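Asker: Sending over a structure as structure tokens; questions will come in a sec.
Taken together, the values in this text are just the output of simple stated rules run on the coordinates, not laboratory data. Because the structure is predicted, anything quoted here is derived from the model rather than measured. Cβ placement follows ideal geometry from the backbone for every residue including glycine, while neighbour counts extend to all protein chains displayed.
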Amino acid sequence: MLNIDSLQNGIVIDHIKAGASMTIYDLLELGKLDCCVAIIKNARSAKYGKKDIIKIDGDIDVNLDILGFLDPNITVGIIRDGKLVEKKKLVLPKKLKNVIKCRNPRCITSIEEGIDHIFVLGENQRYRCAYCEQEYSPKSGKRR
Ligand SMILES: [Zn+2]
């Protein structure tokens, strides 16, 4: 078992909305990592009531850009030698690959399988499909 309080070198993804940690685990492909990953669900948070936390034990390079898209409230801390050395500021990634899908039924990504779903961030801070330029509008309400 990973002793979550004594992370020596690794990454702490904190302030995840309660229940969202598995989605993040999958999107970041943490299951493919060799190192120890701890998911803490429904931790108590003064700010949000309940939250999830993911701790990754290891000096690894994970592309965390996607977190900025998922939830800007998430915080990322980098731990070195048991100390928090960096807090990463999350920004919207310039490009999203296979995170969201184009809803245009005529888009090539809807017609053909096996094509990467690529969205590019526009100047208006919205994402457009790289193939058909259809703008992505986040569904209101709950995910799924
Ligand atoms: Zn499209």
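Asker: Return the unpartnered cysteines for the chain, using a Cβ-Cβ cut-off of under 4.7 Å.
Answerer: Cys35, Cys36
Asker: Same structure, new question: Quick one: which of 54-64, 111-121 comes out on top by average Cβ neighbours within 10 Å, and what's the full order, highest first?
Answerer: Numbers: 54-64: 16.3, 111-121: 13.0.
Packing order, densest peptide first, comes out as 54-64, 111-121.
Asker: Sorted by packing (mean other beta-carbon atoms within 10 Å per residue), highest first, where do 24-30, 123-129 land? Mind dumping the intermediate values first?
Answerer: Working: 24-30: 16.1, 123-129: 14.0.
Most protected by this proxy first, the peptides run 24-30, 123-129.
Asker: Take peptides 94-103, 70-79 and line them up by average Cβ neighbours within 10 Å, highest first, as a rough protection proxy.
Answerer: Listed from highest to lowest mean packing, they are 70-79, 94-103.
Asker: Give me P(r) over region 76-144, computed from all C-alpha to C-alpha distances, binned every 10 Å, as integer percentages.
Answerer: Reading the bins upward from 0: 18, 36, 24, 15, 6, 0.
Asker: Related question: Find the all-direction average of the projected area of the Cα convex hull for region 10-89, expressing the result in square nanometres with one decimal place. Before the final figure, lay out each step's value.
Answerer: Values: hull surface 19.9 nm².
For region 10-89, averaging the hull's shadow over all directions gives 5.0 nm².
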